Structures are given as C-alpha cells and as structure tokens.
C-alpha cells in the first residue's frame, strides 16, 4: 500500500493544525455556523443526531497493522469503543467530541491517515475492488491507478468547490466487486486486443433519491490519459452542474438532462482541447510515473505452495464449523497455496460494519501473524485478509471465532448492508439497525440461510441511500409518514455484472410489518425458483414482479402466506 513521504506527512499535519485554528476561531465567534460548516465538512466532520460524526478516509480500503492499532486506540479514547465501516470502505466514528477532533486528526496523521475531503462538495474517497492484486479474474491491478488519481484529485484547487460531491470507483477484473457504476465515475481497467492497458469510463452513476447507473462514455482511454480524461469529465460537471438545487446537483443530472450523446461530445471536446494544449504535459502519465506507483504495491513474498498447502477437505470433515466457514468466507487466490479470507462484520446481535477497539487491535495482530500486515475493507461492510496460507486457515478461524468475527455468512441473507439510520443519522427518516436485527432473527439458522443461498438485502434509513437499497435483490427504504416509520420495498437490483436498479413493489410496510414482509418474499422465492441453483435475482427476472408482490402483501402469518 502507499506510504506517505515527507511531503504527504507535512501536508496532513499542517491540515490538522489548520483545523485546530479554525475550531478556535469558531469558538471565539470569529466564524459563523455556515462558515465553519464548510470547513468542518472538508475535514470529514458531520453533526449528527446525538454527537459529531468523523469520517476517516481509507483509500481503496487498505489498512495496515499500525493503522488498525491506532484505530483501536482512537475509538477507545475518543469514541464509545468502536468504529463503523461504510459502503465506501471508510471508517466512521459516531461519538467524538468536537473539541477532540483536532487531536484525532493529529493521531491519524501520525499513521498516514486523514479525513481530508471525506465530506462536502468535493472529490471523496476513491474506492476499489477489495480483491485487487489477488483475484484470479483480474486483468490489471487497479490500485496504483487509484493512488495516482487520488493524489491528483485530493486538494486540487480546481475541484474543491464542485456543485456536489464526486466519487470515483475502480475495477480491473472481469467481475465488478466494487459496485463501480453506482458512482459518479466508474473506471474499468483492461487490455485491448493489442494488449494495451486502457480504461472504460462510465459516467453519471449515483444512488440517493434519483438512482442511476453510470453510462459508458468512452470505451478506451489510453493508459497515459487517466488524469486527462478525468479532468475533462470533472470540468464539464464543474461548469454545467446545478448549484441552485442540492437534489439535482450531481453529475448524473447533467447526463440525464443533456442525454448521453451531448454529454459525451462535450467531454470529448474538452479532452481533445487538453491533449492539444501545454496542460497535457502536466497531466499525462509517463511510464515511470506508473512504475513508481506500482512499486508501492509489490507482490508479497509468497512461499512455495508445497510449504503452505493444507488438506482443507480433511480439516473440514473433522469440524463442521470450520467447514461452514471455509465454504462461505474463504475464496480462491491467484497464488497457489494461498486463499483470501473474508471477515464477517455481521455476527448475530451486532451492528453491521461495527468493529470494537479490542477487535481492531486483535485484527492488527492477525494481519501480521497470518498475512503480510494488511487488511482491507469491502463495499459490503466486511473485511478481507487478502493473503493467507492454507496451512494457517484453521488457526486463523479459531482466533476469529474467539473474536466473534467468524460468522460464516458472506453473501448470505444475514450479510445485509445497513446504514446507521435513525439511531445516529440526523438525515434519516426511519430506523435501519432494529429492522436489520428483526430480519436476522428470522433467518439466524445457517441451515435456513444455506437453503436460501446467496441473496443481497440492502437497507437505507432515508432517500440518500447510504445503505444502497436501490441495488439490492431486496432493497428496503425507510420513510416517514406523519411521524411514523414505514418501509418501501424494491426488488431486482444488483450493483455489478449486468447491474440493475430495483423496482418498487407497491405500498410501504409499517415498522411492525417489514420483517414479516421480507420473510414472505424469501419464502416465495423458495417456492417459485426452478431449482436450488436459480438465484433470487434470476428467479425475479424470469417471473417478474407480480408473484412476489402478491406474496409480499398476503394476509396472515409468513408461514401461512407461503403455503
């Protein structure tokens, strides 16, 4: 992963000192509430329902052991003993005190971390495939390109005051694990028929109250032109994006209102203008630039397969718990004798995405003992140890089980995405976490979850869509109706590999109805599918909305409704 040099370190330390001075001026009455708001947002600080919320950037989801230990310390000292992983691979603290934030920023800066532009109308954290560098279907490792883009866009004065927030996501594999087209810009790295590395740019994605998937604007941008084409896209947005209406300010609105052809032509004209100007010399990536950044992402010192392989079948036969974990939480690795291990943050009774101070510190030890000192966060609010020797899987599982981090449910019904909702967020209209627990309780049994198979349930407490309800196989959106919490249901969404937006089923369900409603939908799927191999999404696409809608609104207990 990228390591800060002296320039980076100086910048983030000076930024922390600057915010301390800004906070002092705010307390002294020299900055108004509105003036201070713009400054705190650009340092990752929201004011939520009960306390400030500090968002910590985790570029493309990478954390090292030192950073994990520091997060353990910070969450214990300044929050309530835990931090929350988000769908943008970041960490959020829900309980810091305002006057402690400058100290937190300093402590983060000491370990190559920061909150710069984590909020506000600017460029946000760059996200990436969490299996980058280890996945067998990878064409090009996207991480060096993520870092090159991150360094270019962070604190770029031209794009500090955009019409609205702006998000990039990368993938370099045939399978999109980064939900890339739900972002303002999705960049797919690949090789053309001549073997040249280049990028497919998809522009105009975003969720929230107007969910749209990004559209292909240019099928091949040469490897050298990453920053040039990205600049062209952002300039068109900065110039023509609306600033008079926050709900219509994203780039997706420009693409929608203009139409793809007009938008594509405008970006292409700006791209060609830059290429013909002196500016191209500054923005064009040279081979040495790319090679230098690749040096921060070397191949680990893997041991020969004969030294690290294990008879996992025999181990699984001797321990059903280990067998379940291997089946759901361990995936193939491009290096023989190694596996990538998913660490579920969805244990029964816990909050999706939360990690305690003690768990942060234990995970730091595990990355050093069973990996190469690195851990990654995922789009689905889980974690990944990317490089685990097969012989280490059993002792790793035993340790994770002690930490309540070995729930074998990756990709299953209880592996739900869930925003903090009304429990924390000042923007929320309804609770999310309590509904998450109610649904979990109905399907806690692993046997039930295995019968259902892979399914994606996502939940947001408001139209902003932080829980990505628009791209769930079953998506749930909390709404306020005359001061009461109600929940709309969407079906048929998916964020990758033929992505689609969910369709709203019909009337909203009350707080008392929603978990039963989800159970009816799941049991309807079990009755309607062709066989155990047909996924929920394939079943929905084959049959359409009507049979699921009928079952969702059936009268009676869930079991009777499914009969």
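The values are calculated or read from the model by the stated rules, or taken from the named source; none is laboratory data. Just so it is clear, the model here is predicted, and its values are computed rather than measured. FYI the Cβ positions are ideal-geometry reconstructions off the backbone, even for glycines, and counts take in every protein chain you see.
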Anything in segment 240-249 that is surrounded by 15 or more Cβ atoms within 10 Å (Cβ to Cβ) and in contact (Cβ under 8 Å) with a residue 40 or more places away in the chain? List them, or say none. 241, 242, 249
Restricting attention to segment 59-75, report how many residues are surrounded by fewer than 23 Cβ atoms within 10 Å (Cβ to Cβ) and outside any helix (DSSP H, G or I). 2
Residue count, segment 327-347, condition touching a helix residue (DSSP H, G or I) at 6+ places or on another chain (Cβ under 6 Å) and surrounded by fewer than 21 Cβ atoms within 10 Å (Cβ to Cβ), comes to 2
Going residue by residue through segment 309-324, is there one that turns out to be touching a helix residue (DSSP H, G or I) at 6+ places or on another chain (Cβ under 7 Å), surrounded by 18 or more Cβ atoms within 10 Å (Cβ to Cβ) and under 19 Å from residue 134 (Cβ atoms)? no
Which one of these does residue 296 not meet: (1) in contact with a helix residue (DSSP H, G or I) (Cβ under 8 Å, 6 or more places away or on another chain); (2) assigned to a helix (DSSP H, G or I)? (2)
Under 30 Å from residue 381 (Cα atoms) and part of a helix (DSSP H, G or I), is that true of residue 13? yes
Members of segment 132-157 found to be over 14 Å from residue 189 (Cβ atoms) and in contact (Cβ under 8 Å) with a residue 12 or more places away in the chain, listed by number: 134, 136, 150, 152, 153, 154, 155, 156
If I ask for residues that are without any contact (Cβ under 8 Å) to a residue 40 or more places away in the chain and not in a helix (DSSP H, G or I), which ones from segment 250-270 would you list? 259
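So which residues in segment 180-212 are within 16 Å of the chain's Cα centre (by Cα), surrounded by 23 or more Cβ atoms within 10 Å (Cβ to Cβ) and either assigned by TED's automatic domain parsing to the domain that holds residue 501 or not in a strand (DSSP E or B) (or both), if there are any at all?
Selection gives 180, 181, 182, 183, 184, 205, 207.
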With the structure loaded, tell me whether residue 101 is surrounded by fewer than 21 Cβ atoms within 10 Å (Cβ to Cβ), under 20 Å from residue 17 (Cβ atoms), at pLDDT 95 or above and over 13 Å from the mean Cα position of the chain (by Cα) or whether it fails that test. no
Given the condition at pLDDT 95 or above, touching a helix residue (DSSP H, G or I) at 6+ places or on another chain (Cβ under 7 Å) and assigned to a helix (DSSP H, G or I), answer yes or no: does some residue in segment 80-89 qualify? no
Whether any residue in segment 24-36 is part of a helix (DSSP H, G or I), at pLDDT 95 or above, touching a helix residue (DSSP H, G or I) at 6+ places or on another chain (Cβ under 7 Å) and under 30 Å from residue 385 (Cα atoms) is what I want to check. no
